[in-house]
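One structure is given here, and the rest of the page talks about it.
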Amino acid sequence: MVRLSAITPSGQVQLGNYLGAVRQWAVDGGEEDIYFISDLHAMTTSHNPSRLRALTREQLAVVIASGVDPRSVSVQSDLVRELGALTWVLECTCTYGEAARMVQFKEKSVGRSSVRLSLLTYPVLMASDILLQGAHEVPVGDDQKQHVELARALARRFNGTYGEVFAVPRAVVPPTGARVRDLADPTRKMDKTAKDAAGTVFVLDPPDLVRRKIRRAVTDDRAEVRYAPEEQPGVANLLEILSACTGKEPQELAGAHATYDDLKEVVAEAVVEELRPIRERTRELLDDPAELDRVRAHGAERTRDRCRHRLDAALRVSGLG
Ligand code: AQP
């Protein structure tokens with residue numbers, strides 16, 4: 001069974017990426033799994049080349065520092081030629097209507113005067129990521145399920161039209177994947193690219209900054225520590241973060257704290273301690289470029305070897321070469 005998942009270097013790794021995804025990769029990761037930094041996906045909106053390169057390297061370091069098996073980690077663009085080739089073939093398998101229906105495309109393109117064509121087509125690139133590696137399971141949040149459904153549809157259509165080449169993948173929503181919300185606006189999910197970084201805890205933030213952000217987290221004026229996500233989203237978010245760090249249930253944790261200040265202090269310390277070893281190990285890795293280069297080269301070779309046969313078959317049966 002091959003599981004495949006990715007993180008996009010559109011910004012620094014934030015607490016939600018870590019608690020909801022990367023930490024799980026370290027726990028669940030099997031020998032066959034593939035976890036990668038999806039730098040090609042980070043180019044679908046305006047980007048700065050040197051920042052993209054630096055963020056890709058930093059995310060690679062954070063993922064390894066989080067305990068993910070370095071042998072299962074790679075960088076997407078190291079396979080850009082193979083992915084480019086398959087993406088073209090899959091774009092010739094996908095309809096415009098299917099791509100334009102993607103909710104993320106609609107959300108991310110609305111109100112923008114200039115939208116990169118790649119924002120429309122990147123779910124097809126994502127299908128290439130998945131199909132090229134023969135992935136069976138793709139752990140994703142709800143927002144990405146539709147893209148995995150597209151990959152399924154394209155795999156079936158391609159196999160039915162030209163011959164059996166691809167495994168048909170399925171989306172799995174990780175059962176323990178915490179959904180972390182923005183500290184300054186708990187009605188939104190925490191993300192890397194929020195306009196106001198006050199609501200986002202980055203994994204590499206220094207401890208004092210983490211404490212400050214959590215102390216300033218928006219709550220409400222009920223002055224009652226209860227776990228009620230609908231009525232008290234800010235407090236519920238803090239309890240869920242604490243739950244993800246301690247393994248205790250949010251309801252149980254609610255009863256253990258009398259005031260919001262008390263809760264925030266405990267959450268801040270739990271997050272600082274959770275992130276401390278990752279920050280330290282990331283720093284070591286970034287200071288040792290040879291080690292990161294080795295991991296990256298191994299990942300490139302492994303993913304290229306894995307996909308060669310499948311790509312050749314896809315090109316051949318569709319009439320190329
Ligand atoms: N707030 C979150 N809580 C839990 N999980 C989250 N993930 C993202 N935000 C949260 C999960 O992290 C993994 C990697 O995400 P991604 O980099 O592929 O893209 P994203 O979901 O768009 O992440 P961001 O941080 O919100 O980035 P931007 O600001 O660029 O949109 C995924 O498994 C995702 O579910």
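May I ask you to list the residues in segment 199-235 that are among the hydrophobic types (A, V, I, L, M, F, W, C) and either in contact with a helix residue (DSSP H, G or I) (Cβ under 6 Å, 6 or more places away or on another chain) or open to solvent by less than 40 Å² (accessible area, probe 1.4 Å) (or both)?
To start, the set of residues in segment 199-235 that are among the hydrophobic types (A, V, I, L, M, F, W, C) comprises 201-204, 209-210, 214, 217-218, 223, 225, 228, 235.
The answer is VAL201, PHE202, VAL203, LEU204, VAL210, ILE214, ALA217, VAL218, VAL225, ALA228, VAL235.
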Being of a type in the set (A, V, I, L, M) and either free of Cβ contacts under 8 Å to residues at least 60 places away in the same chain or open to solvent by 80 Å² or more (accessible area, probe 1.4 Å) (or both) is the filter here; which residues of segment 173-198 pass it?
VAL173, LEU183, ALA184, ALA194, ALA197, ALA198
Hits in segment 232-250 - residues which are more than 14 Å from THR219 (Cα to Cα) and in contact with a Ser or Thr (Cβ under 9 Å, 6 or more places away or on another chain)
ALA244, GLU249, PRO250
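Which residue out of GLY84, GLY67, GLY111, GLY134 is open to solvent by less than 30 Å² (accessible area, probe 1.4 Å) and among the small types (Gly, Ala, Ser)? Walk me through it before giving the result.
Numbers: GLY84 fails: open to solvent by less than 30 Å² (accessible area, probe 1.4 Å); GLY67 fails: open to solvent by less than 30 Å² (accessible area, probe 1.4 Å); GLY111 fails: open to solvent by less than 30 Å² (accessible area, probe 1.4 Å).
Matching residue, one of GLY84, GLY67, GLY111, GLY134: GLY134.
Within 11 Å of the ligand (Cβ to nearest atom) and modelled with pLDDT of 95 or more: which single residue out of VAL201, VAL210 fits that description? Spell out the reasoning first.
Numbers: VAL210 fails: within 11 Å of the ligand (Cβ to nearest atom).
Matching residue, one of VAL201, VAL210: VAL201.
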Which count do you get for residues in segment 273-315 that are open to solvent by 40 Å² or more (accessible area, probe 1.4 Å) and over 26 Å from GLN14 (Cβ atoms)?
14
Quick one: count up the residues across segment 23-40 that are near the ligand (Cβ under 10 Å from one of its atoms), in contact with a helix residue (DSSP H, G or I) (Cβ under 6 Å, 6 or more places away or on another chain) and touching a residue at least 40 places away in the same chain (Cβ under 8 Å).
1
Being in contact (Cβ under 8 Å) with a residue 24 or more places away in the chain and away from the ligand (no atom under 14 Å from the Cβ) narrows it down to one of ALA54, ALA99, so name that one.
ALA99
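State whether the residues of segment 45-52 include one that is in a helix (DSSP H, G or I) and open to solvent by less than 20 Å² (accessible area, probe 1.4 Å). Let's see the steps before the verdict.
First, pick out the residues of segment 45-52 that are in a helix (DSSP H, G or I): 49-52.
Add one more test, that the residue is open to solvent by less than 20 Å² (accessible area, probe 1.4 Å), and what stays is none.
Within segment 45-52, none of the residues are in a helix (DSSP H, G or I) and open to solvent by less than 20 Å² (accessible area, probe 1.4 Å).
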Top-ranked residue of segment 65-103 - restricted to ones that are assigned to a helix (DSSP H, G or I) and among the small types (Gly, Ala, Ser), ranked as farthest from TYR122 (Cα to Cα)
ALA65
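The values are calculated or read from the model by the stated rules, or taken from the named source; none is laboratory data. Since this is a predicted model, take the numbers as computed values, not measurements. Virtual Cβ from ideal backbone geometry, glycine too; neighbours counted across all protein chains shown. Protein only, heavy atoms only, side chains kept; ligands, DNA and RNA dropped before computing areas. Shrake-Rupley method; radii C 1.70, N 1.55, O 1.52, S 1.80 Å.
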